[in-house]
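Peer 1: Got a structure for you, questions after.
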Amino acid sequence: MRKIAFLLATVVVVLCGTLAIGQGQKELVVWCVAVHRDVAIGAYGAKIDVVSPFEKEHGVSIRWVTIPWTGMEEKVLRELALPQTEADIIFIVDDWARPDVLSKLMPLDDFMTAAPIEDFEGLAPGMVSALIYEGKLRGIPVRANVQVLHYNKAIFAKRGIEHAPRTFEELIEAAKAATYVREDGARVYGLGLKVPEDIIGVIRAFGGDVMTPDYQVVCDSPQAIAAIKALRDLYNAGALPPDFFMLQAADYERLVGQGLVAMVFFGDNYNLRFNDPTRVSPEVAGQMDVVPIPASETTGLELAPCKVAFWAMAIPNNAPRENRDLAWEFIRYLASPQVQLSMALNGNGPTRAAVLADPQYQVGVPYAWASALAINVARRLWPPFAQVSQAYDILAHEAVLAITGQKDPEQAMKDAAEALRALLR
Amino acid sequence: MKRIVRDQGFVLVAPLILLVLLIVLLPQLWSIILSFTDYRLGAPIVFRGLNTYKTVLKDPQFWNAAERNLIFVVCVVSLEVGGGLLISLLLFRGFRFQKLWVALVLAPYAISPAVAAAIWKYLLDYSMGPVNWVLSSIGVGRLPWLFNPSLALVSVMVVYVWQAMPFSVIILYSALIALPREVYEAASLDGATSFQCFRYVTLPLLSPVLLVVIIFRLIISFRAFGHIWALTRGGPMFKTELLSLYLYRQGFRYWNFAMASAVGTLMLILTLLITSYFIYDSYKRRFAQ
């Protein structure tokens, strides 16, 4: 009995002590996926810990709550609907930057007025504008990946393609030329096409779009139809995998890694994976290079307005009131040019063109030059609206019917436009 | 004394009933309540009466999925039960290495559905799959098993039947072993042929078990999801999308939980209607006897 009493007393003393210590230090709770924490604390890359100096300066402890990516949207949506959340800061991805989510995030304009972010204009304007809801800024972009064209130099050399495509017409010709049957009997496809995001990318390369930032549905424009026709020609020429519409990003990673696809549109940071000898075949490792996605000659543009995927930090409306200023301070700190550079050296995709062009960054990151060019024209695939997943499905359905020859391209794009307009109504 | 025993019985069964209430009935009830709202994840719950049901029933994709679901259920249950009966009859005759054959037939059932689907996805792969390699070698050429709009549903059914058929075999084979031998001896003395034995002895004696197998397979195949999700995700162009995948799309892609709940409730009603017919039929026969 005495022993039990002693044990209980010890537990109570330890708990009280822990609580007392805990109450002595402020805590900021940050909801994110693991990579956001890792690039901030310097888990890899240049291993620069940018969090500890902030913690010391402000006498605060950052508690990272890492959530698996697959379940994060559901968890965030549920949490934002509660009367109060424990999260002082949450990370949101660009696809969630839609009214039902943005409306549940605090407007940051007053914080900006009181304590502005250093060189705010240096943050990619396309990303910042996507985070504006009802005229107010709801998040600050801190991590980005722009889409670039990854191509296999060895396949290009073997098929007599002299240089990376400089126009989309050259890209189409290169895709056709790079389509062949290897000595081992395996078929190599010129271009991988993820549905529907890459279709939107190709439409943009032809000067068109699916939905403009002011919600005009324009996927039935002559430019969009020309893009779909070009893709149909590629499909008929066998330059796209016959099951391209069933393939996920992971499938394309595998095909690229085995040297079975010559070109793909992927985020810039995939260049490291595609060249990693532990992930891809020895014939592919070191052979994957990047260029910004070129635009069609007909547009008069040099580069296509490619997709950018980005993460922003935001303060939920239902976040603890007492920590909001400190939460803003942390966001402001991570978005600052110097911290962005440090995180970029740790492996983060920066949201500032200046960081992409920084000599320190360019030394360690071979695709930096292409990213720096692409980020200037990059924008997200859709303007924010609640039914964006339905919009994806509508476009994918009609575009695939047209590309695979099951529907006339004009009719397919007209039907897609009608369905998208109905969705917006 | 009897009353005490009865009361004790209730007390003993109560935790189980409570558990069923908590983990089956309450979520089901909540789902039915949600189906009368316009609830989207993260949004406030507003009651809309039957509006969600109207939206579901007006959606052509729902009806396409329902039609496909019907075709799927009829085909797979027929093949599973018919094939299962045939295999169990063959096994009942007895072979050399009988245990090995039984184990081989039952093996697919031991594999997890996700693993089975992954194996078949590889086998049926257009570019690198062994099935197409064999077909190419014999001059047939490669077939788009999983991405041709006409062929994809058939491929999915084949994989589903391959894995589910052992269930029918287990039940029917066990039932066959347990059938009384005297009846067969009597039929044989009366000069019945093998087919007549099957038609007039085996089938009537097996019918209660067959009915149970059919009901089980109807319920399970009606809500088939895992295999199809892993093989095609409902594609190409929704051609393999059944009601369960349609429900998933509404709930976990569009976050429209009201629609998903309405579809779930409709599926429950349909399943109850179909199975209650079989259960009613079985009771009718029992009382007729």
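Peer 1: Which of the residues belonging to segment B:97-122 are part of a helix (DSSP H, G or I), open to solvent by 50 Å² or more (accessible area, probe 1.4 Å) and more than 14 Å from chain A (Cβ to nearest Cβ)? It would help to see each step written out before you state the result.
Peer 2: Of segment B:97-122, the ones part of a helix (DSSP H, G or I) are B:98-110, B:113-122.
When the remaining residues are screened for being open to solvent by 50 Å² or more (accessible area, probe 1.4 Å), the result is B:99-101, B:103-104, B:106, B:109-110, B:113-115, B:118-119, B:121-122.
Passing the criteria: B:LYS99, B:LEU100, B:TRP101, B:ALA103, B:LEU104, B:LEU106, B:TYR109, B:ALA110, B:PRO113, B:ALA114, B:VAL115, B:ILE119.
Results for (1) within 14 Å of another protein chain (Cβ to nearest Cβ); (2) over 17 Å from the mean Cα position of the chain (by Cα); (3) open to solvent by 20 Å² or more (accessible area, probe 1.4 Å), shown as yes or no for each residue.
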| site | (1), (2), (3) |
| --- | --- |
| A:TRP96 | yes, no, no |
| A:VAL101 | yes, yes, no |
| A:LEU105 | yes, yes, no |
| A:LEU123 | no, no, no |
| A:SER129 | no, no, yes |
| A:ARG143 | no, no, yes |
| A:TYR151 | no, yes, yes |
| A:ILE155 | no, yes, no |
| A:ARG166 | no, yes, yes |
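Matching residues to (1) aromatic (Phe, Trp, Tyr); (2) closer than 27 Å to B:PHE252 by Cα:
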site	(1), (2)
A:VAL39	no, no
A:GLY42	no, no
A:LYS56	no, no
A:THR70	no, yes
A:GLU74	no, yes
A:PRO83	no, yes
A:PHE91	yes, yes
A:SER103	no, yes
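Peer 1: Pairs needed: first member in segment B:168-192, over 19 Å from B:LEU85 (Cβ atoms); second member anywhere, among the acidic types (Asp, Glu); C-beta distance under 7 Å; at least 6 residues apart or different chains.
Peer 2: Correct list of pairs: empty, since none qualify.
Peer 1: Do the conditions hold for A:SER61, that is, is it farther than 30 Å from B:ALA43 by Cβ and in a strand (DSSP E or B)? Write out each step before concluding.
Peer 2: Numbers: farther than 30 Å from B:ALA43 by Cβ: yes; in a strand (DSSP E or B): yes.
Answer is yes for this residue.
Peer 1: Filter segment A:398-425 down to residues that are part of a helix (DSSP H, G or I), open to solvent by 50 Å² or more (accessible area, probe 1.4 Å) and under 21 Å from A:LEU231 (Cα atoms) and give me whichever is nearest to the other protein chains (Cβ to nearest Cβ).
Peer 2: My answer is A:GLN411.
Peer 1: Can you tell which of A:ALA368, A:ALA353, A:ALA357 is buried (at least 19 other Cβ atoms within 10 Å of the Cβ), on the phi < 0 side of the Ramachandran plot and either more than 14 Å from chain B (Cβ to nearest Cβ) or in contact with a Leu (Cβ under 7 Å, 6 or more places away or on another chain) (or both)?
Peer 2: Numbers: A:ALA353 fails: buried (at least 19 other Cβ atoms within 10 Å of the Cβ); A:ALA357 fails: buried (at least 19 other Cβ atoms within 10 Å of the Cβ).
Just one listed residue meets the conditions, A:ALA368.
Peer 1: Here's a check for you: in segment B:1-52, which residue that is touching a residue at least 12 places away in the same chain (Cβ under 8 Å) and among the charged types (D, E, K, R) is farthest from A:PHE385 (Cα to Cα)?
Peer 2: Residue satisfying both the conditions and the ranking: B:ARG48.
Peer 1: Please verify whether B:ARG40 is more than 14 Å from every other protein chain (Cβ to nearest Cβ) and either charged (D, E, K, R) or at positive phi (or both), treating the condition exactly as stated.
Peer 2: Judged against the criteria, B:ARG40 is not a match.
Peer 1: Looking only at strands (runs of 3 or more DSSP E) that lie completely in segment A:88-192, which have at least 3 residues being closer than 30 Å to A:GLN387 by Cβ and touching a strand residue (DSSP E or B) at 6+ places or on another chain (Cβ under 6 Å)? Give the steps one after another, and end with the answer.
Peer 2: Values: elements: A:89-93, A:140-152, A:187-191.
Filter on segment A:88-192 gives A:89-93, A:140-152.
Peer 1: Then there's this: Going residue by residue through segment B:240-249, is there one that turns out to be of a type in the set (S, T, N, Q), in a helix (DSSP H, G or I) and within 13 Å of another protein chain (Cβ to nearest Cβ)? Let's see the steps before the verdict.
Peer 2: In the first step, residues of segment B:240-249 are kept if they are of a type in the set (S, T, N, Q); the result is B:240, B:244.
If we keep only those that are in a helix (DSSP H, G or I) too, we end up with B:244.
Subsequent filtering for residues that are within 13 Å of another protein chain (Cβ to nearest Cβ) retains none.
Taking every residue of segment B:240-249 in turn, none turns out to be of a type in the set (S, T, N, Q), in a helix (DSSP H, G or I) and within 13 Å of another protein chain (Cβ to nearest Cβ).
Peer 1: Could you check segment A:36-58 and list, in sequence order, the residues that are in a helix (DSSP H, G or I) and in contact (Cβ under 8 Å) with a residue 40 or more places away in the chain?
Peer 2: First pass over segment A:36-58, keeping only residues in a helix (DSSP H, G or I): A:36-41, A:51-58.
Result: A:HIS36, A:ASP38, A:VAL39, A:ALA40, A:PHE54, A:HIS58.
Peer 1: A further question follows. State which residue pairs qualify: first residue over 17 Å from A:GLY238 (Cα atoms) and inside segment B:117-128, second residue surrounded by fewer than 14 Cβ atoms within 10 Å (Cβ to Cβ) in any location, beta carbons under 6 Å apart, and separation of 6 or more residues or different chains.
Peer 2: B:LEU123/B:PRO130
Peer 1: Collect the residues in segment B:142-162 that are open to solvent by 30 Å² or more (accessible area, probe 1.4 Å) and more than 12 Å from chain A (Cβ to nearest Cβ), keeping them in residue-number order.
Peer 2: Matches in segment B:142-162: B:VAL154, B:VAL158, B:TRP162.
Peer 1: Quick check, is B:GLY49 assigned to a loop (DSSP other than H, G, I, E, B), closer than 24 Å to B:GLY251 by Cα and away from chain A (no Cβ under 14 Å)?
Peer 2: Here the answer is yes, as B:GLY49 does meet what is asked.
Peer 1: Let me ask another. Being assigned to a loop (DSSP other than H, G, I, E, B), more than 17 Å from the chain's Cα centre (by Cα) and within 14 Å of chain B (Cβ to nearest Cβ) is the filter here, so list the residues in segment A:242-293 that pass it. Steps first, please.
Peer 2: We begin by selecting, within segment A:242-293, every residue assigned to a loop (DSSP other than H, G, I, E, B); these are A:242-243, A:247-248, A:258-260, A:268-269, A:275-287, A:292-293.
Filter once more, keeping what is more than 17 Å from the chain's Cα centre (by Cα): A:242-243, A:247, A:258-260, A:275-287.
Scanning segment A:242-293 gives A:PRO242, A:ASP243, A:LEU247, A:GLN258, A:GLY259, A:LEU260, A:SER281.
Peer 1: May I ask you to say which residue of A:SER296, A:SER389 is within 14 Å of another protein chain (Cβ to nearest Cβ) and not β-branched (Val, Ile, Thr)? Steps first, answer last, please.
Peer 2: Working: A:SER296 fails: within 14 Å of another protein chain (Cβ to nearest Cβ).
Being within 14 Å of another protein chain (Cβ to nearest Cβ) and not β-branched (Val, Ile, Thr) holds for just one of A:SER296, A:SER389, which is A:SER389.
Peer 1: Could you tell me whether segment B:223-239 includes any residue that is in contact (Cβ under 8 Å) with a residue 24 or more places away in the chain, open to solvent by less than 10 Å² (accessible area, probe 1.4 Å) and away from chain A (no Cβ under 14 Å)?
Peer 2: Yes, segment B:223-239 contains at least one residue that is in contact (Cβ under 8 Å) with a residue 24 or more places away in the chain, open to solvent by less than 10 Å² (accessible area, probe 1.4 Å) and away from chain A (no Cβ under 14 Å).
Peer 1: Give the residues of segment A:287-306 that are of a type in the set (D, E, K, R) and crowded, with 24+ Cβ neighbours inside 10 Å, sorted by residue number. Before the answer, list the steps.
Peer 2: So in segment A:287-306, the residues of a type in the set (D, E, K, R) come out as A:289, A:297, A:302.
Hits for segment A:287-306: nothing passes.
Peer 1: Of the residues in segment A:70-87, how many are more than 19 Å from A:LYS136 (Cβ to Cβ) and crowded, with 19+ Cβ neighbours inside 10 Å? Before you say what the answer is, go through the steps one by one.
Peer 2: So the first thing to find is which residues in segment A:70-87 are more than 19 Å from A:LYS136 (Cβ to Cβ), and the list is A:70-79, A:81-87.
Subset that is crowded, with 19+ Cβ neighbours inside 10 Å: A:72-73, A:76, A:79, A:85, A:87.
Summing the residues that are more than 19 Å from A:LYS136 (Cβ to Cβ) and crowded, with 19+ Cβ neighbours inside 10 Å in segment A:70-87 gives 6.
Peer 1: Also, I was wondering about something else. Surrounded by 17 or more Cβ atoms within 10 Å (Cβ to Cβ) and either away from chain B (no Cβ under 14 Å) or under 19 Å from the mean Cα position of the chain (by Cα) (or both): does that describe A:VAL377? Quick ask: steps written out before the conclusion?
Peer 2: On the way: surrounded by 17 or more Cβ atoms within 10 Å (Cβ to Cβ): yes; either away from chain B (no Cβ under 14 Å) or under 19 Å from the mean Cα position of the chain (by Cα) (or both): yes.
Judged against the criteria, A:VAL377 is a match.
The values are calculated or read from the model by the stated rules, or taken from the named source; none is laboratory data. Predicted, not measured: the structure shown is a model, and the values here were computed from it. Glycine also receives a Cβ, built like all others from the backbone with ideal geometry; neighbour counts cover every protein chain displayed. The accessibility values were calculated without ligands, DNA or RNA, using every heavy atom of the protein model including side chains. Shrake-Rupley method; radii C 1.70, N 1.55, O 1.52, S 1.80 Å.
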